[in-house]
Amino acid sequence: MHDDDHGHSGGPHHAHDHADAHDHRRLGRELGLFGTDPLMGAGLPYWLPDGATVRHALEEYVRETELRAGYRHVYSPALGKRELYEISGHWEHYRDDMFPPMELGGQEVVLRPSLCPHHALVYRSRARSYRELPLRIAELGAMYRSEPSGVLGGLTRVRAVHLNDAHVFCTPDQAAAEARAALGLIRRAHADLGIEAARYRLSLPGPGGKYVTGPRLWRRATALLEEALDGVPYEPVEGEAAFYGPKIDVQIADAAGRESTLSTVQIDFHQPERFGLRYTGPDGEKHQPVMVHRSVIGSVERAVAHLIEVHRGAFPAWLAPVQLVVLPVGEEQREQAYGLVRRATAQGLRAEVAGPRHGTLGARVRAARKVPYRAVIGAREAAGGDLADVRLRDGRRPGRLSGAELLRRITDRVRARGPELWEPA
Ligand SMILES: [Zn+2]
């Protein structure tokens, strides 16, 4: 669990967000990305096909990035026995944010408020040796929080959260390097996604009883995070730590300047202790590992909300719900247009035809204004065989290209997952 990290720390609660042109809720509605229904309930958004496509591309990116960085993925259930959260400390320190327990066969089960306890059990599922460490366990999993109904809205204030989470189980000597590597993944992901961090925050405990005790361990965890930050400018802020340990929060700001936490890195001595986690060291003795909790993109809800606002719905090509729209000028070019879309789809691109029945060419181009690539096929192109007049979303017009050349160019850009739409020839 990352406490407030995928949520709303750092600022007042915004129950009255106004719908400006950047608002992800307004754009989400206009672009058909997600919605809510009173029968599903407040704070429980559903994802429409175009929104689900964006989310899927993002999840795939995260999984590939983690695999390359040595993470292994698991699945664990969104429910657990109340006792699990009593052991982890959530029941004592975080209960106000949890859904009430459900009675089931004489037991109480709880919608999980975090994935950490489940991953601790995955670690504990067999004996561990120092040779396996660092053991990096990742999951994009559901967790639930009982947000008050007054603050719910869009994708940013939700009761069901799907967190890009991971826990690195390592020796104390490895913890700072693992935290630093996680910060590297975060920086790289932000660059790929076109996200700019507003600031790095070192979130420390504050007054009040929500934190576990153990001043020596808090100091030690804080020192390791400071070491991991290694030259990155940051601001220490009291009262924003997780209940079990300090954390680095990578803050983002929305168009109105409101700040929230997207990515986090935390160092935790508490949960390994509570779950009795051990590994056999080179000395043959049992030792306690450290848990580094980290999230690269935070929750998919918050990440997509931010991406919608940052890009104003005009996503980088690799994330765009529709990457290529093919526009036959008249019905005579219809066959050629569908042929191009079939080839694009076979190559793994997301393409569609917007034919004359959808209006004038000008109206169809305007309707496709968020689509990165448009291929117009008129009589001249059709006469030239496999040609299309190519126009980019940003106004550039590379001109007439063969369908094969166009698809190769787009596929290259999509595979590169960069922000740039077109590579000069
Ligand atoms: Zn965690």
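Would you mention how many residues in the range 163-204 are buried (at least 20 other Cβ atoms within 10 Å of the Cβ) and among the acidic types (Asp, Glu)?
Number satisfying all stated conditions: 2.
Determine the pairs where a residue that is within 18 Å of Gly32 (Cβ to Cβ), located within the range 355-384, has a partner that is part of a helix (DSSP H, G or I) and of a type in the set (D, E, K, R) with Cβ atoms under 6 Å apart, the partner being 6 or more residues away or on another chain.
If the second residue must be part of a helix (DSSP H, G or I) and of a type in the set (D, E, K, R), the pairs left are His358/Arg364.
Return the only residue of Ala379, Ala425, Ala344 being aliphatic (A, V, I, L, M) and at pLDDT 95 or above. Talk me through it step by step, then tell me what you get.
Details: Ala379 fails: at pLDDT 95 or above; Ala425 fails: at pLDDT 95 or above.
The match here is Ala344.
Conditions: (1) under 30 Å from Ser129 (Cα atoms); (2) surrounded by 24 or more Cβ atoms within 10 Å (Cβ to Cβ); (3) more than 16 Å from the ligand (Cβ to nearest atom). Gly284 meets all but one. Number of the miss?
So Gly284 meets the others, but not (2).
Take the residues in the range 106-133 that are over 20 Å from Ala242 (Cβ atoms) and in contact with a helix residue (DSSP H, G or I) (Cβ under 9 Å, 6 or more places away or on another chain), then tell me which one is farthest from the ligand (Cβ to nearest atom). Walk me through it before giving the result.
Residues of the range 106-133 over 20 Å from Ala242 (Cβ atoms): 106-109, 124-133.
Applying the additional criterion that residues be in contact with a helix residue (DSSP H, G or I) (Cβ under 9 Å, 6 or more places away or on another chain) yields 107-109, 133.
Numbers: Gln107: 24, Glu108: 22, Val109: 20, Leu133: 17 Å.
It comes out as Gln107.
Kindly check whether there is at least one residue in the range 139-151 that is assigned by TED's automatic domain parsing to the domain that holds Phe269, closer than 17 Å to Arg278 by Cβ, within 16 Å of the ligand (Cβ to nearest atom) and within 21 Å of the chain's Cα centre (by Cα).
no
Can you tell which of Asp192, Asp165, Asp173, Asp254 is within 16 Å of the ligand (Cβ to nearest atom), assigned by TED's automatic domain parsing to the domain that holds Glu139 and among the acidic types (Asp, Glu)? Step through it out loud before you land on a result.
Values: Asp192 fails: within 16 Å of the ligand (Cβ to nearest atom); Asp173 fails: within 16 Å of the ligand (Cβ to nearest atom); Asp254 fails: within 16 Å of the ligand (Cβ to nearest atom).
Of Asp192, Asp165, Asp173, Asp254, the one residue that is within 16 Å of the ligand (Cβ to nearest atom), assigned by TED's automatic domain parsing to the domain that holds Glu139 and among the acidic types (Asp, Glu) is Asp165.
Based on what the data block shows, is Asp230 among the acidic types (Asp, Glu) and surrounded by 17 or more Cβ atoms within 10 Å (Cβ to Cβ)? Quick ask: steps written out before the conclusion?
Details: among the acidic types (Asp, Glu): yes; surrounded by 17 or more Cβ atoms within 10 Å (Cβ to Cβ): no.
In short, no.
Quick one: which residue in Pro134, Pro172, Pro148 is at pLDDT below 95 and either more than 23 Å from Ser76 (Cα to Cα) or of a type outside the set (D, E, K, R) (or both)?
Values: Pro134 fails: at pLDDT below 95; Pro172 fails: at pLDDT below 95.
Just one listed residue meets the conditions, Pro148.
Among the residues of the range 200-220, how many are in contact (Cβ under 8 Å) with a residue 60 or more places away in the chain and either under 24 Å from the mean Cα position of the chain (by Cα) or not assigned by TED's automatic domain parsing to the domain that holds Tyr244 (or both)?
2
Just one of Glu273, Glu259 is more than 13 Å from the ligand (Cβ to nearest atom), out of contact with any helix residue (DSSP H, G or I) (no Cβ under 7 Å at 6 or more places or on another chain), assigned by TED's automatic domain parsing to the domain that holds Gly70 and touching a residue at least 60 places away in the same chain (Cβ under 8 Å); which is it? Break it down stepwise before answering.
Details: Glu273 fails: touching a residue at least 60 places away in the same chain (Cβ under 8 Å).
Every option except Glu259 fails the conditions.
Can you list the strands (runs of 3 or more DSSP E) lying wholly within the range 66-142 that have 2 or more residues being loosely packed, with under 15 Cβ neighbours inside 10 Å and without any contact (Cβ under 8 Å) to a residue 24 or more places away in the chain? Don't jump to the end; show me each part of the working.
On the way: elements: 79-81, 102-104, 107-111.
Correct list: 102-104.
The values are calculated or read from the model by the stated rules, or taken from the named source; none is laboratory data. From a predicted model like this one, the values you see are computed outputs, not experimental measurements. Cβ sites come from the backbone with ideal geometry, for glycine too, and all protein chains shown count toward neighbours.
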